[in-house]
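Okay, so here's the structure we're looking at.
The values are calculated or read from the model by the stated rules, or taken from the named source; none is laboratory data. Just so you know, these numbers come straight off a predicted model, no measurement behind them. All Cβ positions, glycine included, derive from the backbone under ideal geometry; neighbour counts span all protein chains shown. Ligands, DNA and RNA are stripped out before the accessible areas are found, and what is left, the full protein with its side chains, is counted by its heavy atoms. Shrake-Rupley method; radii C 1.70, N 1.55, O 1.52, S 1.80 Å.
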Amino acid sequence: MPSMASNNSSTHTAKSDFYARRQEIEKHRKALPIAAAEKRLLEEVRNNDILIIVGETGSGKTTQLPQYLFNGGFCRSGGIIGITQPRRVAAVTVAKRVAEECGVPLGQKVGYAIRFDDLTSNSTRIKYMTDGLLLREALLDPYLSKYSVIIVDEAHERTVHTDVLLGLLKTVQKTRSLGARDIVNSGNKKDENGTLLGKENGVQNTGILKHCQSTKLSPLKLIIMSASLDAQGFSDYFGGARAVHVQGRQYPVDILYTNQPETDYVDAALITIFQIHLEESPGDILVFLTGQEEIESIERLVQDRLPKLPESKRKLLVVPIFASLPSEKQMKVFMPAPVGFRKVILATNIAETSVTIPGIKYVIDPGMVKVRTYDASTGIEPLIIVKTSKAQALQRSGRAGREGPGKCYRLYPENEFEKLKDSTTAEIKRCNLSNVVLQLKALGIDDIVGFDFIEKPDRMAVIKSMELLFLLGALTEESKLSDPVGHQMSRLPLDPIYSKALIVASQFNCLEEMLIVVAMLSVESIFYAPREKLDESRTALKSFSSTDGDHLTLLNVYRASEEFLEKSKQVNSKEKTENNLRKWCKENFINSRSLKHARDIHSQIQRNVEQMGLQITSCGDDMLPFRRCLAASFFLSAALKQPDGTYRALSSGLTVQIHPSSVLFRMKPECIIFDELVRTNQNYIRNVSRIDYLWLAELAPQFFALQE
Ligand code: ADP
Ligand code: MG
């Protein structure tokens, strides 16, 4: 537009950059495999209230479909298009990308909401969120009435939240089409309590239906998206719903195996990174690792080795991506490496199907994944590292062939592949269900075993979870949500034991302390102890350690960081203060990313408890009430010292050991409570605190009296 041309050349450049970027984005969008199917998909959504869309990873489902629907008029009457993701990282990065594609600031037309972080506004029409968050929204708005379309993305992941959401949405969807057609306009059958007899319409009769008569509801479009080719299961579950397939694009990927099993896959991955970097043609590398600690350790090892290479070979850029990485850092994986550089992305299985990173030519797959497991007989829920399934291995190798032929290095011998399980067991079959039970109860769904799950959880696991909730005081003897504890617990976005700890703390006058400790417990690894600096890191930890245990040590770290921040703020700019804090963290061997995450969580849960009307008071210097409070909430993971220095966990009977990272590792008090059990070759417990054995019977008689 010549009339708008400015004689200021820098503005001119900025403008042409802007237009060039927009053109590039448009070109990219049009080239995606899904683009050719836009019209057909819109037609399908118009004609089908429930639609299943299956398409290869990277075809454009997650980023494009919501935009097509928006442009196709699905938000016209003010409705929102909600897209759920099993992973926080996907919700955030995809929302950012889509906002950019739409040319709008994030949080306006396009936004995201995840636990502890909501970037939406009244004008948001395309909302990315985690499946767990939408479940929480259902507590306040049982019909999810502000949504005109809900897309359950990555349904093949079958997280427990996705499974519960599918059951809930099935009812909501039917209710809302009834609401629009029958309920509002015609007489409807009710039972003696005025509850709609939903079964007549094929709808499970749940509490959701109770308010239905009074609300004018518009129908809901429900879309289930999956990267697995097996759509039949979803279709059957939704009464033979229509399934469509979106064609993807896949180039050949050369699969390489090792000759021998690797004893240390982290080391093997490191060697392979350098082997590719030094011997293979240009192209980025994606490495699948199991968690933050592993990623950060490889990150450091690569950085340490790079200076030892000849100068011309040092152009390797390492970028990590995992859930608790601050979101601005997560976006770095999508940025192209500087000219001449090779990018190596260290990812958890986030990069398997949830996010597609451009430029990948090489994949390194150690064949491992970290999963939460649950043993209903002992009630323990350790995180363990297990082999991937065949389906996961195939998805991972597929990431190398998105833009051209690629290579995948599986760090195990070929005959091992055949031994892998075909697909991963749904999470609902292997997790502690207490959170799910609590939420379903809060939604008015009392018959958990009778709930219409796509795959039923084991009866024993349901019973165990109810028992746990009863012991925590969230359920009554009749298995109803208790008042106020059960209701309060269901409103907190935390594990039931943490919620219980906050509620108890408000009675023990130490909620200020417990908020900090729960926030610190909610993040992965606050401390880091690099192998080569083990002694230094131990000395640093000493200045924070409390002889009472790790919980109070975490409290000391948080408070010390607060104090440091306060002082620094008085004399420095915000930016300088943040830099200083990072430096302080480094000196003290504290993970600054994790600390920042904990600070964010802290402010959110503080708001939550304030809204619930709990009093935030501090116990000051006397830590006795705080420790008693730990006993009153973590009593299910109390353990007693045995003559050989190991511990016996009282509720499960398991023999456990204090993890060497605990401040109580050497001290070994008689009676302790712990937060987490990690199973490697030993049963290690982490985050351990000293309590008095007698407190257990006094503060948790419902459990310890039963034991006698
Ligand atoms: P699907 O959901 O079918 O797996 P997506 O919609 O996630 O596919 O991805 C489509 C394309 O968008 C991919 O080529 C991917 O590289 C690109 N993309 C997604 N997110 C980003 C981002 N944050 N930055 C740059 N490109 C992105
Ligand atoms: Mg996707």
Relative contact order of the chain (C-alpha contacts under 8 Å, at least 6 apart) in percent is 11 percent
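Please report the antiparallel percentage of the DSSP beta bridges confined to segment 241-381, to the nearest 5. Don't skip to the answer; put the middle values down first.
Values: 1 of 15 bridges.
Bridges in segment 241-381 are about 5 percent antiparallel.
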Per DSSP, the loop-located GluC sites (Glu not before Pro) within segment 601-694 having at most 10 other beta carbons within 10 Å are none
Segment 380-474 accessible area per residue, 1.4 Å probe, protein heavy atoms, integer Å², reads 40 Å²
Counting only protein heavy atoms with a 1.4 Å probe and every protein chain in place, the carbon and sulfur fraction of the accessible surface of the chain in whole percent equals 50 percent
Note, I114: beta-carbon cut-off 15 Å, +1 each Lys/Arg, -1 each Asp/Glu, net -2
Summed over the other residues with a beta carbon less than 12 angstrom from that of A351, with K and R at +1 and D and E at -1, the charge totals +1
Pseudo-spin-label distance Q232 to R40, built 7 Å along Cα→Cβ, given in nm, is 2.2 nm
Segment 222-304 accessible area per residue, 1.4 Å probe, protein heavy atoms, integer Å², reads 47 Å²
Most packed first (mean Cβ within 10 Å per residue), the peptides 679-692, 554-567 order as 679-692, 554-567
DSSP beta bridges in the chain: the antiparallel percent, rounded to 5, is 35 percent
Extend 7 Å from the Cα of D458 along its Cα-to-C-beta direction; within segment 421-450, residues with backbone N under 14 Å of that point are 425-433
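Give me the compactness ratio for segment 228-314, meaning the Cα radius of gyration over 2.2 N^0.38 Å.
Dividing the Cα Rg of segment 228-314 by 2.2 N^0.38 Å gives 1.67.
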If each K or R counts +1 and each D or E counts -1, the residues other than L624 whose Cβ falls under 11 Å of its Cβ total -2
Listed by chain and number, the lysines with an alpha carbon less than 21 angstrom from that of K533, same-chain partners under 8 positions apart left out, are K308, K542, K583, K586
To the nearest Å², the heavy-atom accessible area per residue of segment 527-657 with 1.4 Å probe amounts to 52 Å²
Taking Cα pairs closer than 8 Å and at least 6 residues apart, the relative contact order of segment 240-323 in percent is 26 percent
Scoring segment 1-136 by relative contact order with C-alpha pairs under 8 Å, at least six apart, yields a percentage of 19 percent
Using alpha-carbon coordinates alone, the radius of gyration and Dmax of segment 528-655 in Å work out to 18.1, 55
Packing-ranked peptide list from 645-655, 13-23, highest mean Cβ count within 10 angstrom first, is 645-655, 13-23
P(r) of the chain over all Cα-Cα pairs, 20 Å bins starting at 0, rounded to whole percent, reads 16, 48, 32, 4, 0
CD proxy, 222 nm, the chain: helix-only mean residue ellipticity via -39,500 (n - 2.57) per DSSP H run with n ≥ 4, per residue, nearest 500, stands at -12500 deg cm²/dmol
Here the percent of antiparallel bridges among DSSP beta bridges lying wholly in segment 1-134, to the nearest 5, is 25 percent
